[in-house]
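Report on the following structure.
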Amino acid sequence: MIGGVMFLVLIIGIVMIFTSLLITKIRIWKPKRTFWFAAVYFSCGIMAFIYLLFVSGNVEKIASDKVLKEQMEETEQLEKDLKNRRFESLKEEHLKFTETFEAKEENIEIIRNETSYYLPVVISWTDSAENKIEASYYETPLYLNRVYISPYVKAPKIEWDDNKLYIIETETKITAKSMRLSMELLNSTEYESYNNPLNELIGKRILHLNVPKQFNIIDKDGWY
């Protein structure tokens, strides 16, 4: 990003210098004015470079189309695997935390707040005589508008009370200023529309429950 800014500043500077040299042929424009004009311009460019380098600490580069397409394909495949109860597709590298609770009654109800509606819960049943319920939260890399946003997304809180599993999430608001420097040759047959799926949210957040078969899970808002 910073290299692109410096390149743009350099190109504009060269154009302005040549323009200034041409203007010197006009009587009202003196060479001394050209020098000061160029000095002020480059000073502004240097200050902009210093600002981007030192002041703007949270700078994220947008992901390439190749990376986004790979992540989107992995997300789609994961969704298919979970619907087919292939839980081995949940990778250890995407595991954020695991909590264990002890159930005392046969029926276990999942309670969500309004924000946690979009967090799917998947359940795998085990042949275990124990009364322990294991809740594991997984999160694949998240991208929004081509920007990696996982560091800014808060994990949900999982609480257990009176044989009820509470999923509590806080709303996350991300404010960002974006700048994109690029040179593109547009082809009308390959025009990128505003509805490009690569610009949407890519990634998956999942709560996986490992439950002994002697218990029943009541999840009114569940997806799976």
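The values are calculated or read from the model by the stated rules, or taken from the named source; none is laboratory data. Quantities reported herein were computed from a predicted structural model and do not represent experimental measurements. FYI the Cβ positions are ideal-geometry reconstructions off the backbone, even for glycines, and counts take in every protein chain you see. Protein only, heavy atoms only, side chains kept; ligands, DNA and RNA dropped before computing areas. Shrake-Rupley method; radii C 1.70, N 1.55, O 1.52, S 1.80 Å.
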Could you check the spin-label model distance between ILE111 and TRP125? Points 7 Å from the Cα along Cα→Cβ, value in nm.
2.6 nm
Within the stretch 137-166, list the residues whose amide N lies under 20 Å from a label point set 7 Å along Cα→Cβ of ASN195.
145-146
Under 5 Å between amide hydrogens, which residues at least 5 positions from ILE149 or on another chain qualify, with H placed 1.01 Å from N in the peptide plane?
LEU142, TYR143, LEU144
May I ask you to rank SER89, SER43 by accessible area, largest first, using a 1.4 Å probe over the protein chains only?
SER43, SER89
Each residue of the stretch 146-156 in order: what ³J(HN,Hα) in whole Hz does its phi give by Karplus 6.51 cos²θ - 1.76 cosθ + 1.60, θ = phi - 60°, with x for Gly and Pro?
6, 9, 6, 10, 3, x, 9, 9, 8, 6, x
Gain upon complete extension [GLN77, TYR118; 0.36 nm per residue less C-alpha separation]:
12.9 nm
Once fully extended, how much extra length lies between ASN84 and LYS104, figured as 0.36 nm per residue of separation less the alpha-carbon to alpha-carbon distance?
4.2 nm
Hey, can you grab everything whose amide H is under 5 Å from the amide H of ASN113? Only 5+ residues off in sequence or another chain; H modelled, so Pro and N-termini drop out.
ILE167, GLU169
How large is ³J(HN,Hα) for each residue in the stretch 122-132, as worked out from phi by the Karplus curve 6.51 cos²θ - 1.76 cosθ + 1.60 (θ = phi - 60°), to whole Hz, x for Gly and Pro?
10, 10, 10, 9, 10, 8, 9, 7, 6, 9, 8
Per the rule of 0.36 nm per residue minus the C-alpha distance, extending SER150 to ILE218 adds in nm 21.5 nm
